[in-house]
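Please read the structure below before turning to the comments.
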Amino acid sequence: MTKSVQLADRVTRVKPSFTLEMTSKAAELRAQGVNIVNFSVGEPDFNTPENIRNAAKEAMDAGFTKYTSGAGMIDLREAICKKLNRENHLEYTPDQILVSNGEKQSLYLACQVLFQEGDQVIIFSPYWVSFPEFVTLSEAEPIIIGTNPDKQFEPNFDELESKINSNIKGVIMNSPSNPTGGVWSNEAVKMLLDLAAKHHWVIISDECYERLVFNDEFTSTQTLNHNNVEVLTCMSLSKTYAMTGWRIGYAAGNKTIIKAMSKIQGQATSCANSIGQKAAVEALNGDQSAVSEMRTTFLRRRDLMLELLKEIPHISCVVPNGAFYVFPDFSHYLGKKINGKTMNDSFDLCDYLLETARVVTVPGDGFGAPGHIRLSFATNSKTIKDGMKRIKTALLKLN
């Protein structure tokens, strides 16, 4: 007999990534030949632009296939500094930059070096599924604060102020947001910065969708930071340049924080992918026209999905000003039944849509938003039309 293995307690405290689970379900069904519409995907459906792919090929041919500096190649960190100055009006030096295996690793490392047992960290709901888990893995406690859907899911500051205590050490914010697509106003960000200054909080600002803002120019949190709040800015090449699989992200901030993150990264993964780093230099320094083209396409798809949502009875949806998700409220369909099965929550609804309509969606309960479902429009218009028709047909069968 195989001897049972005793796992560490942290494994049971951390929830699995259900967004990846939904993606895996879609892949499995497709492999079986099932005609699936996948609205769960959290990545652009475009290929990485050709100039970036060519830079990677050239890097391989030139032998850039070895370890790099743990914090990232100096030419990439310099390119990041130029990008932050050019696009975000921020001044950084290479020793204030850490290149990681995707922004996800940067966010994880930030929590590891900033928080510990006894600390509390503010997270705004709806939240990206990994935020609470990053905090939990640091032995700290996530404090969930609600948001206002009518204001692009900006923080409910009354609730926030009511929960302030001396154990709170930091805040994780995400604008544009996954899952809502909400983009906070500069006024809301300034209000949060004021509170952070008053209570000496560190702000971790996840800005991976910064180039996917549809209504106004994006403003980085640090750009609005006029009262010396400690802000760690985390960004990614994944969404901007359709480079999700390349796993290149970065953080910019206080040298002490960056050095500490680099120290842990050095023991965990040594460095980010060397070929990906070379490609990232071209992504940041090279032709940016593909970024604008992708953004224009996403905007067109967003508007199409919103129009089709209006054709489904009893669904409301805030117009997202960024990212490539809509986050409609399906609460009307909770409690309804079909074939003896009751839709108790958004997990049940998503399972029903998968089984009946063959549409993969992501349940809002997992983001801290019961009754909502996240739909990605990072797919072509034909697929959007087909998928929305399937969803409508399936929902109208519920009674």
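Quick notes on this structure:
- Output for the range 151-193, where each listed residue is surrounded by 23 or more Cβ atoms within 10 Å (Cβ to Cβ) and assigned to a loop (DSSP other than H, G, I, E, B): 152, 153, 175, 176, 177, 178, 179, 180, 181, 182, 183, 184
- Which listed residue, of 215, 254, is at pLDDT below 95, over 19 Å from residue 284 (Cβ atoms), assigned by TED's automatic domain parsing to the domain that holds residue 173 and among the polar types (S, T, N, Q): 215
- The set of residues from the range 10-37 being loosely packed, with under 13 Cβ neighbours inside 10 Å, part of a loop (DSSP other than H, G, I, E, B) and of a type in the set (A, V, I, L, M, F, W, C) comprises just one member, 34.
- Residues of the range 93-125 that are closer than 21 Å to residue 366 by Cβ and either within 17 Å of the chain's Cα centre (by Cα) or not assigned by TED's automatic domain parsing to the domain that holds residue 239 (or both): 102, 103, 104, 107, 108, 111, 122, 123, 124, 125.
- Residue pairs meeting the criteria (Cβ under 9 Å; at least 6 apart or on separate chains; first within 25 Å of residue 103 (Cβ to Cβ), in the range 193-207; second of a type in the set (Lys, Arg)): 201/169; 202/169
- 1 or more residues surrounded by fewer than 18 Cβ atoms within 10 Å (Cβ to Cβ), modelled with pLDDT of 95 or more and hydrophobic (A, V, I, L, M, F, W, C): qualifying helices (runs of 4 or more DSSP H) within the range 48-149: 50-61, 74-88, 130-137
- Test: residue 270 is hydroxyl-bearing (Ser, Thr, Tyr) and not in a helix (DSSP H, G or I): yes
- Options 348, 287: the member that is part of a helix (DSSP H, G or I), of a type in the set (Asp, Glu) and farther than 22 Å from residue 109 by Cα: 348
- Residue count for the range 206-231, restricted to those that are closer than 16 Å to residue 130 by Cβ and assigned to a strand (DSSP E or B): 1
Here's the yes/no breakdown for (1) in contact with a Pro (Cβ under 9 Å, 6 or more places away or on another chain); (2) at negative phi; (3) surrounded by 23 or more Cβ atoms within 10 Å (Cβ to Cβ):
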| site | (1), (2), (3) |
| --- | --- |
| 350 | yes, yes, yes |
| 362 | yes, yes, yes |
| 365 | no, yes, no |
| 368 | yes, no, no |
| 377 | no, yes, yes |
| 380 | no, yes, no |
| 385 | no, yes, no |
| 393 | no, yes, no |
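- Options 233, 256; residue that is under 28 Å from residue 75 (Cα atoms), hydroxyl-bearing (Ser, Thr, Tyr) and surrounded by fewer than 21 Cβ atoms within 10 Å (Cβ to Cβ): 256
- Residue within the range 81-89 that is over 27 Å from residue 219 (Cβ atoms) and touching a residue at least 12 places away in the same chain (Cβ under 8 Å) present: no
The values are calculated or read from the model by the stated rules, or taken from the named source; none is laboratory data. Keep in mind the model is a prediction, meaning the values are calculated, not measured. Virtual Cβ from ideal backbone geometry, glycine too; neighbours counted across all protein chains shown.
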